[in-house]
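Enquirer: Sharing a structure, written as structure tokens. Questions coming.
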Amino acid sequence: MTKIIVRGGQRLTGTVRVSGAKNAVLPILAASLLATEGDSVIYDVPLLDDVMTIQKVLASLGARLTYHNESMRIHAQHITSYEAPYELIRKMRASFLVMGPLLARIGKVRISLPGGCAIGTRPIDQHLKGFEAMGAEITLGHGFIEASAKSRLKGAKIYLDVASVGATENIMMAAALAEGTTILENAAKEPEIVDLANYINAMGGKVRGAGTGLIRIEGVDRLHGASHNVIPDRVEAGTYMIAAAITGGDVFVEGAIADHLTPVISKLQEMGVDIMESDNGIRVRSGAKLKSVDVKTLPHPGFPTDMQSQMMALLLVSEGTSVVTETVFENRFMHVDEFQKMNAQIKVDGRTAIVSGGLPLTGAKVCATDLRAGAALICAALRADGVTEVSGLHHVDRGYVDITGKLAALGADIWREESGEGAAAAAGKLAAAGVLTMPARELTTVAAVSAASQSEGDSSPYKREKEVAVLKVQPTWA
Ligand SMILES: CC(=O)N[C@H]1[C@@H](OP(=O)(O)OP(=O)(O)OC[C@H]2O[C@@H](n3ccc(=O)[nH]c3=O)[C@H](O)[C@@H]2O)O[C@H](CO)[C@@H](O)[C@@H]1O
Ligand SMILES: C=C(OP(=O)(O)O)C(=O)O
């Protein structure tokens with residue numbers, strides 16, 4: 001079984017670089033299907049499992065992609081299929097974002113209902129409502145959606161009942177090539193929406209108002225490939241800010257954009273964490289005592305649901321009681337059971353969790369129940385007494401580039417283990433990564449991820465055994 005092992009108690013110091021945003025790059029790669037001429041080159045593409053999944057989806061539709069040094073080149077002139085493979089779409093939510101581009105480009109799509117983190121029912125009614133308003137006919141059956149448009153999609157006035165990030169993106173992409181103007185009301189305002197709009201505009205599109213609740217998209221006849229730099233990942237940045245604060249550390253989160261993190265910064269400041277914003281990042285400095293605060297998740301610019309579980313980890317070590325209210329997803333407290341294994345005291349009542357802070361956290365065997373829950377457990381483990389083993393890493397690998405290496409570089413005593421079988425399977429999975437030419441990851445049986453764990457010598461019960469392999473991950477996709 002693959003696991004991350006953390007021996008808590010190290011204060012984090014130094015600089016950590018934020019990777020490109022998962023939730024920005026996925027819609028941007030989907031949008032590259034809109035280009036009928038020229039290649040797109042996307043920079044700061046993070047090496048994540050979700051990125052590998054979307055590239056396979058695009059390749060299955062006829063696009064050609066190559067990846068090198070965090071940039072992805074996409075050639076989408078020839079779309080050869082309108083059917084997105086079930087086994088890829090079920091893996092992650094964002095793969096559903098090829099629906100809008102396919103409808104706009106070729107007027108037809110067959111796609112299964114999407115997967116993603118199991119944090120609620122996650123309907124797609126708002127996406128479908130938007131496509132129907134633009135003239136698409138939609139049928140649903142046996143877990144699949146088929147949509148077709150008899151002629152070019154038509155611009156429409158669309159009001160979203162909920163300010164859905166995915167629906168805003170999907171509709172924006174479809175509208176970019178529609179005939180006439182689309183007015184999207186109650187649109188989501190997340191920074192990732194703005195990034196997608198900037199990319200579509202660089203392709204020759206006409207999107208105005210992204211980042212506000214009213215987006216106006218004037219459809220154009222064709223779009224071309226374009227170059228684009230993906231924004232830094234605000235959730236990854238926020239996670240390292242929490243990791244710094246929970247260990248009483250002093251960390252510079254390089255690349256973090258303070259404007260994207262206002263609610264997280266405000267809450268940390270309320271708790272007593274020192275935050276210093278600069279042009280190229282955010283410095284986080286934290287002392288021994290933190291105050292409890294209440295947190296309520298909301299669509300942007302409110303407190304992001306994707307930071308709720310990491311914030312809860314920090315509240316566990318603050319003085320007093322905090323109330324955490326989750327309003328975006330109805331089932332996003334699954335990390336609570338895992339925190340309780342680490343001596344946390346939390347009571348959940350519906351969408352509210354009452355967190356009793358200040359109790360010492362203790363190491364335990366825990367499992368990531370979703371992507372951010374995994375990150376939150378790692379944050380808690382950094383502070384806990386003793387050793388914590390975090391499993392369920394397939395979730396974490398969807399959204400964090402080398403979290404073990406980045407935290408180890410800040411001084412955390414952390415390493416990742418794969419059993420011999422697991423390591424071979426991981427290498428096989430990577431080698432089979434579709435259109436990307438990828439030399440197999442370097443597999444090694446040496447025990448050399450965490451300098452601190454090495455210094456423990458043979459007395460460490462967590463010393464790697466000889467059949468255990470550690471992935472020293474830095475593959476080059478050529
Ligand atoms: C790949 C990606 O970018 N994922 C992010 C995106 O997910 P995603 O785009 O799936 O999230 P949405 O903004 O669509 O969901 C927000 C709320 O709207 C509801 N809803 C959504 C669509 C719909 O058609 N009908 C409907 O009722 C959902 O059930 C949820 O309660 O935004 C979420 C909210 O910030 C983040 O947690 C995810 O990390
Ligand atoms: C919920 C998330 O991702 P997804 O929407 O892809 O499940 C997330 O990034 O925290």
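The values are calculated or read from the model by the stated rules, or taken from the named source; none is laboratory data. The structure displayed is predicted, hence computed values, not measured ones. Here Cβ is always computed from backbone atoms with ideal geometry, including for glycine, and neighbour counts include all displayed protein chains.
Enquirer: Within region 192-213, does at least one residue satisfy the condition of being within 16 Å of ligand 2 (Cβ to nearest atom) and free of Cβ contacts under 8 Å to residues at least 60 places away in the same chain? Don't jump to the end; show me each part of the working.
Expert: From region 192-213, those within 16 Å of ligand 2 (Cβ to nearest atom) are 192-193, 195-196; that's our starting set.
Among the residues that remain, those that are also free of Cβ contacts under 8 Å to residues at least 60 places away in the same chain are: 193.
Looking through region 192-213, at least one residue is within 16 Å of ligand 2 (Cβ to nearest atom) and free of Cβ contacts under 8 Å to residues at least 60 places away in the same chain.
Enquirer: State the number of residues belonging to region 112-139 that are away from ligand 2 (no atom under 16 Å from the Cβ) and of a type outside the set (D, E).
Expert: Filtering region 112-139 down to residues away from ligand 2 (no atom under 16 Å from the Cβ) leaves 125, 128-139.
Applying the additional criterion that residues be of a type outside the set (D, E) yields 128-131, 133-136, 138-139.
Result for region 112-139: 10.
Enquirer: Same structure again: Condition (residue is near ligand 1 (Cβ under 9 Å from one of its atoms) and among the aliphatic types (A, V, I, L, M)) applied to region 104-118: is it met by at least one residue?
Expert: At the first step, the residues of region 104-118 found to be near ligand 1 (Cβ under 9 Å from one of its atoms) are 114, 116-117.
Imposing the further condition that a residue be among the aliphatic types (A, V, I, L, M) reduces the set to none.
No; the residues of region 104-118 include none that is near ligand 1 (Cβ under 9 Å from one of its atoms) and among the aliphatic types (A, V, I, L, M).
Rundown of residues vs (1) within 16 Å of ligand 1 (Cβ to nearest atom); (2) under 22 Å from the mean Cα position of the chain (by Cα); (3) aliphatic (A, V, I, L, M), yes/no style:
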site	(1), (2), (3)
V25	yes, yes, yes
L29	yes, yes, yes
R64	no, no, no
S71	no, yes, no
H78	no, no, no
L88	yes, yes, yes
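Enquirer: So, one more: Could you tell me whether F303 is within 24 Å of V194 (Cα to Cα) and either out of contact with any Lys or Arg (no Cβ under 8 Å at 6 or more places or on another chain) or more than 10 Å from ligand 1 (Cβ to nearest atom) (or both)? If you could, list the steps in order and put the result at the bottom.
Expert: Details: within 24 Å of V194 (Cα to Cα): yes; either out of contact with any Lys or Arg (no Cβ under 8 Å at 6 or more places or on another chain) or more than 10 Å from ligand 1 (Cβ to nearest atom) (or both): yes.
Spelling it out, F303 is indeed within 24 Å of V194 (Cα to Cα) and either out of contact with any Lys or Arg (no Cβ under 8 Å at 6 or more places or on another chain) or more than 10 Å from ligand 1 (Cβ to nearest atom) (or both).
Enquirer: Starting from residues that are farther than 18 Å from P191 by Cβ and charged (D, E, K, R), keep the ones in region 24-49 and report whichever is farthest from ligand 2 (Cβ to nearest atom).
Expert: The qualifying residue farthest from ligand 2 (Cβ to nearest atom) is E37.
Enquirer: Further, regarding this structure: Counting just the residues of region 326-378 that are among the β-branched types (V, I, T) and assigned to a loop (DSSP other than H, G, I, E, B), which one comes out nearest to I5 (Cα to Cα)? Spell out the reasoning first.
Expert: To start, the set of residues in region 326-378 that are among the β-branched types (V, I, T) comprises 327-328, 336, 346, 348, 352, 354-355, 362, 366, 369, 378.
Filter once more, keeping what is assigned to a loop (DSSP other than H, G, I, E, B): 327-328, 369.
Details: T327: 32, V328: 31, T369: 16 Å.
Among those that are among the β-branched types (V, I, T) and assigned to a loop (DSSP other than H, G, I, E, B), it is T369.
Enquirer: OK, next. Looking for whichever is β-branched (V, I, T) and in a loop (DSSP other than H, G, I, E, B) here; the options are V162, V194. Which one fits?
Expert: Step by step, each of V162, V194 is checked, and only V162 is β-branched (V, I, T) and in a loop (DSSP other than H, G, I, E, B).
Enquirer: Further, regarding this structure: Consider M134 carefully, then state whether it is crowded, with 22+ Cβ neighbours inside 10 Å, within 17 Å of the chain's Cα centre (by Cα) and either over 19 Å from A175 (Cα atoms) or away from ligand 1 (no atom under 13 Å from the Cβ) (or both).
Expert: On the way: crowded, with 22+ Cβ neighbours inside 10 Å: yes; within 17 Å of the chain's Cα centre (by Cα): no; either over 19 Å from A175 (Cα atoms) or away from ligand 1 (no atom under 13 Å from the Cβ) (or both): yes.
So M134 does not fit the description; no.
Enquirer: Among the listed residues K91, K129, identify the single one that is within 28 Å of H394 (Cα to Cα) and either assigned to a loop (DSSP other than H, G, I, E, B) or basic (K, R) (or both). If you could, list the steps in order and put the result at the bottom.
Expert: Numbers: K129 fails: within 28 Å of H394 (Cα to Cα).
From the options K91, K129, the qualifying one is K91.
Enquirer: Any residue in region 321-343 that is over 14 Å from M307 (Cβ atoms) and of a type in the set (A, V, I, L, M, F, W, C) sitting within a Cβ distance under 9 Å of a residue that is surrounded by fewer than 16 Cβ atoms within 10 Å (Cβ to Cβ) and at pLDDT below 95? List the pairs, counting only those 6 or more apart or interchain.
Expert: That search, which allows pairs on different chains as well, returns M334/A118.
Enquirer: Between residues in region 104-133 that are over 21 Å from P85 (Cβ atoms) and residues that are within 6 Å of ligand 1 (Cβ to nearest atom) and assigned to a loop (DSSP other than H, G, I, E, B), which pairs lie under 7 Å by C-beta distance while being six or more apart or on different chains?
Expert: Within 7 Å, the pairs are I119/F329; G120/F329; Q126/V162; Q126/S164.
Enquirer: Could you please let me know if A147 is within 16 Å of ligand 1 (Cβ to nearest atom) and under 22 Å from A163 (Cα atoms)? Let's see the steps before the verdict.
Expert: Details: within 16 Å of ligand 1 (Cβ to nearest atom): yes; under 22 Å from A163 (Cα atoms): no.
When the stated conditions are applied, A147 does not pass them.
Enquirer: With respect to A35, is the statement that it is under 23 Å from S227 (Cβ atoms) and either surrounded by 23 or more Cβ atoms within 10 Å (Cβ to Cβ) or out of contact with any Asp or Glu (no Cβ under 9 Å at 6 or more places or on another chain) (or both) true? Break it down stepwise before answering.
Expert: Numbers: under 23 Å from S227 (Cβ atoms): yes; either surrounded by 23 or more Cβ atoms within 10 Å (Cβ to Cβ) or out of contact with any Asp or Glu (no Cβ under 9 Å at 6 or more places or on another chain) (or both): yes.
Yes, satisfied.
Enquirer: Considering K91, K108, K150, which residue is charged (D, E, K, R), at pLDDT below 95 and away from ligand 2 (no atom under 16 Å from the Cβ)?
Expert: It is K150.
Enquirer: Let me ask something else about it. Which members of region 165-191 meet the condition of being part of a loop (DSSP other than H, G, I, E, B), among the aliphatic types (A, V, I, L, M) and under 23 Å from the mean Cα position of the chain (by Cα)?
Expert: The first filter runs over region 165-191 and keeps only residues part of a loop (DSSP other than H, G, I, E, B), leaving 177-178, 180, 186-190.
In the following step, the residues that additionally are among the aliphatic types (A, V, I, L, M) were identified as 177-178, 187-188.
Across region 165-191, the qualifying residues are A187, A188.
Enquirer: Sticking with this one: Looking only at region 394-416, which residues are in a helix (DSSP H, G or I) and not hydrophobic (A, V, I, L, M, F, W, C)? Break it down into steps so the answer makes sense when it comes.
Expert: Quick first cut of region 394-416, residues in a helix (DSSP H, G or I) only: 394-399, 403-409.
Passing the criteria: H394, H395, D397, R398, G399, T404, G405, K406.
Enquirer: Considering region 138-158 alone, what residues qualify as being surrounded by fewer than 19 Cβ atoms within 10 Å (Cβ to Cβ) and touching a helix residue (DSSP H, G or I) at 6+ places or on another chain (Cβ under 9 Å)?
Expert: I138, L140, G143, F144, S148, R152, K154, K157 - these are the residues of region 138-158 that are surrounded by fewer than 19 Cβ atoms within 10 Å (Cβ to Cβ) and touching a helix residue (DSSP H, G or I) at 6+ places or on another chain (Cβ under 9 Å).
Enquirer: Being at pLDDT below 95 and either among the polar types (S, T, N, Q) or assigned by TED's automatic domain parsing to the domain that holds H260 (or both), is that true of even one residue in region 291-314? Even if it seems obvious, please write down each step before you answer.
Expert: If we filter region 291-314 for residues that are at pLDDT below 95, which is where we start, we get none.
There is no residue in region 291-314 that is at pLDDT below 95 and either among the polar types (S, T, N, Q) or assigned by TED's automatic domain parsing to the domain that holds H260 (or both).
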